Structure formats: structure tokens, C-alpha cells
Amino acid sequence: MNESIAVQAKNLYKVFGKKPKEVARRLSEGASRDEVSALGTAAVIDASFEVKTGEIFVVMGLSGSGKSTLIRMLNGLVEPTSGTVTVVGTTITDISQAELRRVRQKSVSMVFQHFALLPHRTVLENAAFGLEVQGIAPVERRARAQRVVELVGLAGWEDKLPRQLSGGMQQRVGLARALTAETDVLLMDEAFSALDPLIRREMQEQLVELQAELGKTIIFITHDLNEAMFLGDRIAVMRDGRIVQVGSPEDILTDPANDYVAQFVQDVDRARVLTAASVMEPASAEVSVTSGPRNALRTMRDLQSSAVFVVGRGRQYLGVVRDRDVMRQVKAGETDLRDILRKPQAVSPDTPLVDLVEPSIESGLPLAVVNETGKLLGTIPRVTLLAALGNVPLTTQSIPIMESPSRLTRRDISEALTETVGYEAAAGTEHRTGGRA
Amino acid sequence: MRGSVMSLTSNDLFRLPLGRWVEAAVDWVTHSFTGLFTVIRSLFLALYDAVDWALVTPPFWAVIIVLATLAWYLSSWKLGLGTVLGLLLVVSLNQWANAMHTLALVLVASAIAIALSLPLGIWAARSTVASRVIRPILDLMQTMPAFVYLIPALILFRVGVVPGIVATVIFAMAPGVRLTELGIRSVDREVVEAGQAFGASPGRILRQIQLPLAMPSIMAGVNQVIMLSLSMVVIAGMVGAGGLGNDVVASLQTIDVALGFEAGISVVILAIVLDRMTAGLGARVVTTGQPAASSFFPLEKENT
């Protein structure tokens, strides 16, 4: 077995009902789920995938798409009707219950949607549960659990009972329990779905950090597109029991395998009713076209940005100028910003977020939000877009910094300004033009 | 026409001799397992005698102090005080010895009923087939009038306290089985899955997850078993089990309102004390592991 493959699923079927084997056979011969519905309900149909060691593999699908059944087949909680599952080199689909228990102890642990903690045990005892099952002596398991409890940020809470903890903290205990078991593979079944959006985002970030630190292989189930996009190295999209696409988050967003995936991507955003207008910020890096290149350059220096928006009379959106171009103009003594104006795609305020991703990646600059009359309403930097996709409000007031960090140093700019007109640069770096308070 | 209907209902052709069959079965059991029943009889009798001795031998005030302290420990000082007053009333009614006989019978019968119903409840919770078989038997045991199985109990165990205990056990164990099964079955499926997912054996899952989480329900079952046992004391009195039931039966036979009421109020006092004490025990068992109110509490309530 290839060592870099942590979990492998091959032609997995799970059918509930009277004649599961026959349903699985007919499905593999090409029958549709509806055709065989009289004989049994197919929860998972012909699922095959490989999860690499150290990867976060997200299985995304709406409720009823079979993702919970699929993840439970990966540790044998649900026995597949047919197909094989291999976990860290052991094929678990044809071994005894005792051997299966050993695989669960050593190789694959799980985090549950509703935490599934033992309510009568303390945080530390819960975290040590896996070690207790493995037969580790009390002193050692307490010490090891203690380390992980601290790792997930629950130091000081060891002796509390789960009910004394908030939802987010309870799930940290669930995570600690899974990490303490020191298995290579971590299954996470909608692990953050029961949490508040803010806590959810925090947990997602923590999970990514932990994964980078511990190098676990994580299989994460979610119905939340944003969560999948944030966490997943690769994403499998499930529908009606079948895996319809496996790919990187970019693949899923920009190159959906079929209408369903496209619809799914769209549906999720529509459901959130998020539009450009709802996430845009005031444009601080903004100059009037008549104020000239020197002023534009100074604004860029003050805001440490590599580009500024250029507006005409009545804040009509004209385009963007980049620092290098402006610098060249200043040095050449030219005065008309229109000559170096770039026009990246502007979006209307009611564009859904899903349509902002592509232009935002393409242009590398904040998107300009422009109304029907062409007036610049605001901008959407990429960080803001990502935060909005992750459903986390930005707590900072405004982000004047353009995406790509300025390639010109403050000093370069100041020098250029000084060279052209000596006294202006000395006037002070605090001077702001076109910015907002 | 009318005549023929009459003759039809009384026709021997449609008369199912169920009673005879049962009688034959009881006869067969009696003859085949005499030894077994003798063993059971002496075992139950020894148990009862031991408990009864422990309750009757010390002076009444010593027993009252012990029971009141226990009530205080399990519940509150109020229950402790109530226990003292209630039991003193029993003493003043000259029913103390009877009450202790009854208490001994109730304790022994409840202990046996719980010892039987817990494993049965666990079995029923783990096997749907067992559940399907056990359920109608429990229904039968609970709804069949107690007097009816008193008859074979009398045949098998002879007059005395043992048939009283047996009849009480049969009548009282049903809620114990039911509530144990219900408690284990209603344990959150995800928590049981968590046990499995970490590689715990079924035995460990039962001990460390299912039984602790089912404890509120099981303790409600224990409470019910004790209450139902107490409700059987009068019937046990009819087969010579002694205690308060004996006096109630006697008062019925002699139309003695005074004696009947005095024995009856003693039963009520015992019932209240036992009920409150087991409720307190249940609350203690359920909250075991909770640290004393300390430091600070969660930032937000968990929405379950």
C-alpha cells in the first residue's frame, strides 16, 4: 500500500432496506437510485476516493446526501454493503470486531456534531477517554490528556463538567479527546455545524493551525460551502449518495463538474443573501483624476498601498492607477492620470458574492463597487471577501491597504516626490489626501 | 334460536380448558422442581429473617435515629425530621413491630426485584428480540390480579412470608425492567457512537456510557419498584406474611375500623418516607461527579 495514502475508499455502497446486496448490485449495473427505491434506500453509491496523509479532505453535501453514512463507513461504525475501506494500510471492511476496535484505538478517531461528550466526566477525563480504552495507566493518560487540553486552549477548565462549558468549548473537548488518542486519521462529522458562526470561524482557524502543527489527516464533513472552501485541501461534493466532484476549492468554485455543483455553489450564497453592497467598505485609497499623479503617489505612500482608485466629477469611477506607473509619470513630469488608467472589472452593488470571487482573484486589486450611473460606492478588498465567505464580520474599521503589498518603499516614493518638487515631501508624512478620517 | 345460543355458550365443545392446563403445568413444576423451590424458599426466608432481625431487635428509637439520619443524608434535614415524627406516630399507634416486619419484606422484595429487573432491562435494551419477548410477559405480570399468582406461590412456597415476597417481586419488577430498558435505549446515540469510535468494547460502553447516562431513568424505576412493593403488603398479609398487611386483613375480617385505619396510616407513613428517600438517592446518584459549586460558570448556556 502506498504510504502517502492515509484512507482509501473503493466502490463503497451502503444500502438500507430489505435487500441491500441486490440493490448495490443493480446500482453498480447502472440502475438509478429511484429505480431501486422499492428494494431499499441507497445512502452511498459507488464512492471511491483517496485521502493523502496530512491532508484536510472535506466531504460536502446537503443533508440526506449520504455524507454522514460515508464517514461512518471509514471507521466501521456503519458496515458497507459492498466495497472496501483501507485505513493506514489496514483494510477494515473484512476484519473482526476485535481487530476493528484496535484500528479505531490506534488509527482513526472521531469528532461529533453534537460533541458526544460523557456528561458525567470532567473535561480531562473526557479527553483521556481514548487512552483509557487503549489501556494506558491513569497517571500517563492524565498527563497526555493535560497536554492536549492545553493545546486546544482549555487550560484551567480540566475539572469542569461538559455542561458547564459553552458549545465552542465543549467541541474543543471533543477535539482534545480525538487528538489525545494520537491516531493518524481524524474524522470530523459536521464538527462545527452546531456552533455560532463566530465561534465556528475561530474553531476552523484553530483546526487549520493544529493540523499544520500535528500533521493529522483530517476528513471533514460539512454542508457549509464556506467551511469547505476554508478548510479543504480537496473537496468531495456529494449528491444523492454519489460523489459528483472531487477537487481543490478553486476547481469547485471556478470549474464545477456539473450543474448540480454549480447550483450548489450558487444556492449556498443565495441562501446567505450576501451581495457586494452588504460587504463593501468605503474607498479610502481614492483620488480625484484632476489632482494629478503627485497627489496619487502621496496618497499611496500614506496608505502604504500599491494602487489607488481614480474618480472623476461626482465620484464617477474611472479606474485604478498603480504605483509604478504613477512613479514613472511623476519622474517623466507628466500630469494626466488618464494616460496610465487601468480599468479592472467593476461590479454592481447587488452582485452576489459568488460572482465576486473570480474578478477578485483575477485583478489582484480590491473590486470597485459601482452603481448604475457609474458612481464609485465602495470597494471590496480580497480579505473582506474571504471574511464574508467565512461569515465572519471584520472588526477592524476599514482596510486602506491594497491587496498586493506596495513594491515601492516609502522612501522611494518620498525621494521621487522630493526630486520633482523639493519642498512638498518635507511637508510631512501625516498629510493625507483623498483619504477618509 | 335463543336456546341454541345458550347451549352454544355453555357447550363443552367451545370450552377451552386453559385453567386446567395451567393447573397441570403448576403441578408438574411443583413435582419436578421441589428441590429448587425449597432452596429458593429457604434463601428468601433467610434474607427476610436477617433484615427483620436487624430492624426489630434494636430499640425503636435507635432504628428511628438511623433511618432519620439516612433520610437527612439522602435528602434534607426536613425529611429527617419528618421521618422522626412519622415513625414516632407509628410507635404511638402500637404498630412499630408490624411496620418493621413490613419494611423488612419491602426491602427484601425490592432488592430481589431490582436484582432481577436490571439485567433483564439491559438485555431488553440490547436485543430487540428480547424486548419483544419480555414486554408482553411484563404486561401479564403487572395486570394479572395479584391474588391469582398468589395461589401457585402458596402451593410452591407454602404459607408464610416467602409467597408474599414472591408475589411482591413479580408484581413490582415490571417498572424496573421497563425503565432500565427505556433509560438505556434513550441514551444519546452519538455518545454511544463516540464510545465505539474510540474502540471501546460493548461491556465498557455499557458500564461507562449507557448505565451512567441511563441512571435517572433507572433510579425512577427503583423508586417505582419500592412503591409497588409497599402496595403489595396487604396482599402479602393474606398469605400470612405478617406485618401491617396482617392487621389490615384482620380488620377487614372483623370490621375493625380503628385497627384498619391505624395499620393503614402506618403503611402511608412508610410509603412517604421510602419514596422521599429513594428520590433523594436518585438525585444523588444522578449528580455524582459534579464538583462543588465553585469558581465561575460558563459564559453562555449550551443549546442542546
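The values are calculated or read from the model by the stated rules, or taken from the named source; none is laboratory data. Computed from a predicted structure; not experimentally measured. As a convention, Cβ positions derive from the backbone with ideal geometry for all residues, glycine included, and neighbour counts pool all protein chains shown.
In the list B:A130, B:A167, which residue meets the criterion of being touching a Phe, Trp or Tyr at 6+ places or on another chain (Cβ under 7 Å) and surrounded by fewer than 17 Cβ atoms within 10 Å (Cβ to Cβ)? Working first, answer last.
On the way: B:A167 fails: surrounded by fewer than 17 Cβ atoms within 10 Å (Cβ to Cβ).
None of the other options fit; the residue is B:A130.
With the requirement that a residue be more than 7 Å from every other protein chain (Cβ to nearest Cβ) and at positive phi, what does region A:97-120 give you?
A:F115 - this is the single residue of region A:97-120 that is more than 7 Å from every other protein chain (Cβ to nearest Cβ) and at positive phi.
Any residue at all in region A:208-226 that's modelled with pLDDT under 80, crowded, with 20+ Cβ neighbours inside 10 Å and either out of contact with any Cys (no Cβ under 7 Å at 6 or more places or on another chain) or not in a helix (DSSP H, G or I) (or both)?
Initial filter on region A:208-226 (modelled with pLDDT under 80): A:226.
If we keep only those that are crowded, with 20+ Cβ neighbours inside 10 Å too, we end up with A:226.
Retained after the next criterion (residues that are either out of contact with any Cys (no Cβ under 7 Å at 6 or more places or on another chain) or not in a helix (DSSP H, G or I) (or both)): A:226.
Within region A:208-226 (the criterion being modelled with pLDDT under 80, crowded, with 20+ Cβ neighbours inside 10 Å and either out of contact with any Cys (no Cβ under 7 Å at 6 or more places or on another chain) or not in a helix (DSSP H, G or I) (or both)), the answer is yes, since at least one residue qualifies.
Yes/no matrix, rows are residues, columns are (1) within 14 Å of chain A (Cβ to nearest Cβ); (2) more than 30 Å from B:R41 (Cβ to Cβ); (3) touching a residue at least 40 places away in the same chain (Cβ under 8 Å):
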residue	(1), (2), (3)
B:G160	no, no, yes
B:P163	no, no, yes
B:L179	no, no, yes
B:A200	yes, yes, no
B:I209	yes, yes, no
B:I218	yes, no, yes
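Would you point out which residue out of B:I226, B:I255 is at positive phi and of a type in the set (A, V, I, L, M, F, W, C)?
On the way: B:I226 fails: at positive phi.
Exactly one residue qualifies, and that residue is B:I255.
What number of residues within region A:329-341 satisfy the criterion of being surrounded by 14 or more Cβ atoms within 10 Å (Cβ to Cβ) and not β-branched (V, I, T)?
4
Mind listing whichever residues of region A:180-214 are hydroxyl-bearing (S, T, Y) and within 12 Å of chain B (Cβ to nearest Cβ)? Even if it seems obvious, please write down each step before you answer.
Taking region A:180-214 first, the residues hydroxyl-bearing (S, T, Y) are A:180, A:183, A:193.
Residues satisfying the conditions are A:T180, A:T183.
Hey, B:L70 hits all of (1) within 23 Å of B:A241 (Cα to Cα); (2) modelled with pLDDT of 90 or more but one; which does it fall short on?
In the conditions (1) within 23 Å of B:A241 (Cα to Cα); (2) modelled with pLDDT of 90 or more, B:L70 misses (1) alone.
Only one of these conditions is not met by B:K301: (1) of a type in the set (D, E, K, R); (2) surrounded by 13 or more Cβ atoms within 10 Å (Cβ to Cβ); (3) at pLDDT below 90. Which number is it?
Looking at each condition in turn, B:K301 falls short on (2).
Looking only at region B:50-107, which residues are polar (S, T, N, Q) and surrounded by 20 or more Cβ atoms within 10 Å (Cβ to Cβ)?
The initial filter retains those residues of region B:50-107 that are polar (S, T, N, Q), namely B:57, B:69, B:75-76, B:83, B:92, B:94-95, B:98, B:102.
B:S75, B:T83, B:Q95, B:N98, B:T102 - these are the residues of region B:50-107 that are polar (S, T, N, Q) and surrounded by 20 or more Cβ atoms within 10 Å (Cβ to Cβ).
Determine, yes or no, whether A:G319 is out of contact with any His (no Cβ under 8 Å at 6 or more places or on another chain), farther than 30 Å from A:Q204 by Cα, in a strand (DSSP E or B) and in contact (Cβ under 8 Å) with a residue 12 or more places away in the chain.
Numbers: out of contact with any His (no Cβ under 8 Å at 6 or more places or on another chain): yes; farther than 30 Å from A:Q204 by Cα: yes; in a strand (DSSP E or B): yes; in contact (Cβ under 8 Å) with a residue 12 or more places away in the chain: yes.
Yes; evaluated as a whole, the condition is true for this residue.
Do we find that B:V225 is away from chain A (no Cβ under 14 Å), surrounded by 24 or more Cβ atoms within 10 Å (Cβ to Cβ) and not in a loop (DSSP other than H, G, I, E, B) in this structure? Step through it out loud before you land on a result.
Values: away from chain A (no Cβ under 14 Å): yes; surrounded by 24 or more Cβ atoms within 10 Å (Cβ to Cβ): yes; not in a loop (DSSP other than H, G, I, E, B): yes.
Yes, satisfied.
Would you check if A:T91 is at pLDDT 90 or above, away from chain B (no Cβ under 14 Å) and surrounded by fewer than 20 Cβ atoms within 10 Å (Cβ to Cβ)?
yes
Could you list all residues from region A:147-167 that are surrounded by 18 or more Cβ atoms within 10 Å (Cβ to Cβ), assigned to a helix (DSSP H, G or I) and more than 9 Å from chain B (Cβ to nearest Cβ)?
Within region A:147-167, A:V148, A:V149, A:L151 qualify.
Would you check which residues across region B:194-204 are buried (at least 20 other Cβ atoms within 10 Å of the Cβ) and in a helix (DSSP H, G or I) and list them? Before you say what the answer is, go through the steps one by one.
In the first step, residues of region B:194-204 are kept if they are buried (at least 20 other Cβ atoms within 10 Å of the Cβ); the result is B:194-200.
B:A194, B:G195, B:Q196, B:A197 - these are the residues of region B:194-204 that are buried (at least 20 other Cβ atoms within 10 Å of the Cβ) and in a helix (DSSP H, G or I).
Can you name the residue in region B:138-178 that is within 17 Å of the chain's Cα centre (by Cα) and not in a helix (DSSP H, G or I) and, of all such residues, is nearest to B:G245 (Cα to Cα)?
B:P145
Failed condition for B:N94, given (1) outside any helix (DSSP H, G or I); (2) closer than 28 Å to B:I218 by Cα; (3) not small (G, A, S), with all others met?
Result: B:N94 fails condition (2) only.
Only one residue in B:L179, B:L211 is under 19 Å from B:A130 (Cα atoms), aliphatic (A, V, I, L, M) and surrounded by fewer than 20 Cβ atoms within 10 Å (Cβ to Cβ). Which one? Spell out how you get there, then give the answer.
On the way: B:L179 fails: surrounded by fewer than 20 Cβ atoms within 10 Å (Cβ to Cβ).
Of the residues listed, the single one that is under 19 Å from B:A130 (Cα atoms), aliphatic (A, V, I, L, M) and surrounded by fewer than 20 Cβ atoms within 10 Å (Cβ to Cβ) is B:L211.
Output the number of residues of region A:187-207 satisfying the condition of being part of a helix (DSSP H, G or I), buried (at least 19 other Cβ atoms within 10 Å of the Cβ) and in contact with a Gly (Cβ under 9 Å, 6 or more places away or on another chain).
Initial filter on region A:187-207 (part of a helix (DSSP H, G or I)): A:197-207.
If we keep only those that are buried (at least 19 other Cβ atoms within 10 Å of the Cβ) too, we end up with A:200-201, A:203-204, A:207.
Keeping just the survivors that are in contact with a Gly (Cβ under 9 Å, 6 or more places away or on another chain) gives A:200-201, A:203-204.
Counting residues in region A:187-207 that are part of a helix (DSSP H, G or I), buried (at least 19 other Cβ atoms within 10 Å of the Cβ) and in contact with a Gly (Cβ under 9 Å, 6 or more places away or on another chain) gives 4.
For region A:121-139, give me each residue that is more than 18 Å from A:A98 (Cα to Cα), at the interface with chain B (Cβ under 9 Å from one of its Cβ atoms) and β-branched (V, I, T).
Listed by number, the list holds a single entry, A:T122.
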